[in-house]
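Q: Before I ask anything, let me first share the structure, which is written out below as structure tokens.
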Amino acid sequence: MQTVAIPKHLPALLGGVLTLLAAIAQGNAAEPTLAISGLSSPLASGRPASFWLIALNPSGTPISWSFPNEIPCRLVASQNSTNVVVRLSSATLASPLTIEPGGFRRADYILPLPETLAGEVTLEFGDLPLNRILLVVVKPLPETAEAAPELPLWKKLLRDAEPQDAGDLREPGRFFKEHIFGYEPFYFIAGTESPNAKFQVSFKYRLLNESGALARKAPALTGLHLAYTQTSLWDWNSESRPFYDSSYKPEILYSWERLAGGEPTQWFRLDLQGGVQHESNGKSGADSRSLNIAYLRPTFVFGRDDYLQLTLIPRVWVYADDLADNPDLEDYRGYADLRVVLGWKRGLQVSALGRMGDEGDHGSLQFDITYPMMRVFRGSFSLYLHAQYFTGYGESLLGYRERSSMFRAGISLYR
């Protein structure tokens, strides 16, 4: 039998190829971009410091990721270095979380600082892809022998509800990102007939800080929001270009997200929202219009985020007052509406909003087509091209008994 000689370098070569393939596979795995926030100098030696580890998803697909319970770190001073373990302060975030495209998640961590540490100190993180951070650590002032007086219960509650990081009060950008979100479509469009221009401004504000003591003890309360929507019709054709009418809609709402489904691999998601909304046009006398409703609005999403999606958003309501300013409004507004959206989350979307009066007549339909300009100009503009066609009764609160048809086009910031 003939013996085949194996080159002595072949095993090492195969091992290198396998290592390279493993590295490529690991590099292709979806991983978030990590950042640190809230670690402000100076810090006091011997006292723990808190900070946020932020995981951002810059990709176009959802990422499933878990915050580590412990992070081995190293504190390097001019004369010595110390190994410490940074620990997750909220165990509820240890399970895998879904980070949507362009979104982020954060978790609170506690950094122990030895009493012997002082001066400029470099914080080095273990295996996490984070840059080193230069900190200034100072010795705390000696405490007086006199014991601090016992605080009343209400003061303790206020103290516990304060942000753990004073930077919360000094970073407006961080405040807006964590509390203010898009709500109803936000657009400016115009046409050729009076009233020519129509614009809508809408946002919602989350009442609780996610990292606050109350939210940690009762996470369900983070679904409580205040919201505001304003829809205005602007008549460019008339002399002095007046506003024809505006609807002002403040509300308080509670949203339950992902009651069912909603994971990256699932094709169905159910959200639910309920609230109380006031609507008026701010006018007086015969032109005054106002109403108050309590509503319930489920949202059914069919299709994954990276595929074609169909979204159904029915809403039902009851009137919470006697409609004294407009007693026949329910004949035109009815008690329900339905919005249907078909399209891609990061592409073309077509939506239709329909409503009928309480006797099945006096209906209205509004069609909206939007397309992201980010796909046209290589990401230069965070806007959408927006076209809208309305036909039926009640485009404005002032003229809810009038039938009209109008086409307008423009841009939107949120759809």
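Q: Quick one: ranking 198, 283, 139 by accessible area, 1.4 Å probe, largest first, what do you get?
A: Details: 198 10, 283 75, 139 120 Å².
In descending accessible area the options line up as 139, 283, 198.
Q: Something else: Which parts of region 249-274 would a label at residue 336 reach, counting a residue when its backbone N lies under 20 Å from a point 7 Å out along Cα-to-Cβ?
A: 270-274
Q: If you split all Cα-Cα distances of region 232-307 into 5 Å bins from zero, what percentages do you get per bin, shortest first?
A: Values per bin, smallest distances first: 3, 13, 14, 12, 12, 10, 11, 10, 8, 5, 2, 0.
Q: Given points 7 Å out from each Cα along the Cα-Cβ axis, report the residue 240 to residue 308 separation in nanometres with one decimal.
A: 5.2 nm
Q: With a 1.4 Å probe and all protein chains in place, put 380, 59 in order of accessible area, largest first.
A: Values: 380 80, 59 45 Å².
Most to least solvent-accessible, the answer reads 380, 59.
Q: Keeping every protein chain present and rolling a 1.4 Å probe, give me the accessible area per residue for region 263-306 in Å².
A: Values: 2140 Å² over 44 residues.
Result: 49 Å² of accessible area for each residue.
Q: If you don't mind, another one. List every residue whose amide H lies under 5 Å from the amide H of residue 334, counting only residues 5 or more places away in sequence or on a different chain, with H placed 1.01 Å from N in the peptide plane.
A: For residue 334, whose amide H was placed from the backbone, the distant partners under 5 Å are 358.
Q: Please arrange 344, 52 by accessible surface area, largest first, computed with a 1.4 Å probe and ligands excluded. Working shown, then result.
A: On the way: 344 120, 52 15 Å².
The residues order as 344, 52, largest area first.
Q: Checking the table 204/345; 139/217; 177/345 against a 28 Å threshold on Cα-Cα, which pairs fail?
A: Details: 204/345 20 Å; 139/217 33 Å; 177/345 21 Å.
Listed pairs above 28 Å: 139/217.
Q: Between residue 89 and residue 381, what is the label-to-label distance in nm when each label sits 7 Å out along the Cα-to-Cβ direction?
A: Reported label-point gap for residue 89 and residue 381 is 4.3 nm.
Q: Between residue 56 and residue 324, 0.36 nm times their residue separation minus their Cα-Cα distance comes to what? Don't skip to the answer; put the middle values down first.
A: Values: separation 268, 0.36 × 268 = 96.48 nm, distance 5.03 nm.
Full extension of this stretch gives 91.5 nm more.
Q: Using a Förster distance of 51 angstrom, determine the FRET efficiency expected from the C-beta separation of residue 153 and residue 404, and round it to 0.05.
A: On the way: r = 59 Å, r/R0 = 1.16.
Taking R0 as 51 Å, the efficiency between residue 153 and residue 404 is 0.30.
Q: I've got another one for you. Suppose every Lys and Arg Cβ carries +1 and every Asp and Glu Cβ carries -1, with no other charges. What dipole size does region 307-389 come out with about its Cα centre, to the nearest 20 debye?
A: Numbers: 8 positive and 11 negative charges, 247 e Å.
In debye, rounded to 20, region 307-389 gives about 1180.
Q: Okay, next question. If you roll a 1.4 Å probe over region 337-415 with all protein chains in place, what percent of the accessible area is carbon or sulfur? Mind dumping the intermediate values first?
A: Working: 2610 of 4290 Å².
The computed percentage sits at 61.
Q: Measuring from label point to label point, each 7 Å out along Cα→Cβ, what is the residue 138 to residue 180 span in nm?
A: Each label point is offset 7 Å from its Cα along the Cβ direction, giving 3.3 nm.
The values are calculated or read from the model by the stated rules, or taken from the named source; none is laboratory data. Bear in mind that the values here come from a model prediction, so they are computed numbers and not experimental data. In this analysis, Cβ positions are derived from the backbone assuming ideal geometry, glycine residues included, and neighbour counts consider all displayed protein chains. With ligands, DNA and RNA removed, areas are computed over all heavy atoms of the protein, side chains included. Shrake-Rupley method; radii C 1.70, N 1.55, O 1.52, S 1.80 Å.
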